[in-house]
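Colleague: Next up is a structure, given as structure tokens.
The values are calculated or read from the model by the stated rules, or taken from the named source; none is laboratory data. Predicted model, so just to flag it, every value in this text is computed and none were measured. Positions of Cβ are generated from backbone atoms using ideal geometry, with glycine treated the same way; all protein chains shown enter the neighbour counts.
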Amino acid sequence: MGVFTNFTRKALLITKCRCFAHDECFKYAREILDKYGIDWQEELIKINKPQSLHLNSIMDNVTFYQDRFEILVDIRGFKPEEIKCTVTQRAVEVLAQSEDYSENNQKRMVLSRQYFLPKFANADAGSCCLSSEGVLLVTAPWV
């Protein structure tokens, strides 16, 4: 990937968290969604219904704060061990891959997201939290 050639990559550990509505790590994300009048509780209801696959989830959201960035990714359907999150000073990459084999079927799901950052991030201080609903929060402070 060209994005990562000039910078050191840092793979972040995916931490399993409680639900989006109650876990402290999602506090600022909930506040920003509330601030802009986004009904994140309704979105969580959609996320919990497997038949309601939607491509334009409001849970795919990027917020730049003065001291850090926060990225929310709707990553439902993937287990923590199937998700890789890599951060450099200037970009974030989220990749998830899942394969399921049954008698005569093979199901493969892939999710790939790249986010370019407006300024340098401290990748060593980054973190990833995965809610019980499948919302991934990636955050790191600016350098």
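Colleague: Would you point out the residue of region 115-140, among those that are more than 19 Å from LEU33 (Cβ to Cβ), of a type outside the set (A, V, I, L, M, F, W, C) and surrounded by 14 or more Cβ atoms within 10 Å (Cβ to Cβ), that is nearest to the chain's Cα centre (by Cα)?
Modeller: SER127
Colleague: Turning to a different aspect of this structure: Give SER112, SER98 a once-over and let me know the one that is loosely packed, with under 11 Cβ neighbours inside 10 Å, in a strand (DSSP E or B) and modelled with pLDDT of 90 or more. Can you show your working first?
Modeller: Working: SER98 fails: loosely packed, with under 11 Cβ neighbours inside 10 Å.
From the options SER112, SER98, the qualifying one is SER112.
Colleague: When you go through (1) surrounded by 13 or more Cβ atoms within 10 Å (Cβ to Cβ); (2) out of contact with any strand residue (DSSP E or B) (no Cβ under 9 Å at 6 or more places or on another chain) one by one for ASN104, which number turns out not to apply?
Modeller: The failed condition is (1).
Colleague: A further question on this structure: Of the residues VAL73, VAL87, only one is of a type in the set (A, V, I, L, M), in contact (Cβ under 8 Å) with a residue 60 or more places away in the chain and in contact with a helix residue (DSSP H, G or I) (Cβ under 7 Å, 6 or more places away or on another chain); which?
Modeller: Details: VAL73 fails: in contact with a helix residue (DSSP H, G or I) (Cβ under 7 Å, 6 or more places away or on another chain).
Being of a type in the set (A, V, I, L, M), in contact (Cβ under 8 Å) with a residue 60 or more places away in the chain and in contact with a helix residue (DSSP H, G or I) (Cβ under 7 Å, 6 or more places away or on another chain) holds for just one of VAL73, VAL87, which is VAL87.
Colleague: I've got another one for you. Going by the conditions given, is VAL73 in contact with a strand residue (DSSP E or B) (Cβ under 9 Å, 6 or more places away or on another chain), assigned to a strand (DSSP E or B), surrounded by 17 or more Cβ atoms within 10 Å (Cβ to Cβ) and among the aliphatic types (A, V, I, L, M)?
Modeller: So VAL73 fits the description; yes.
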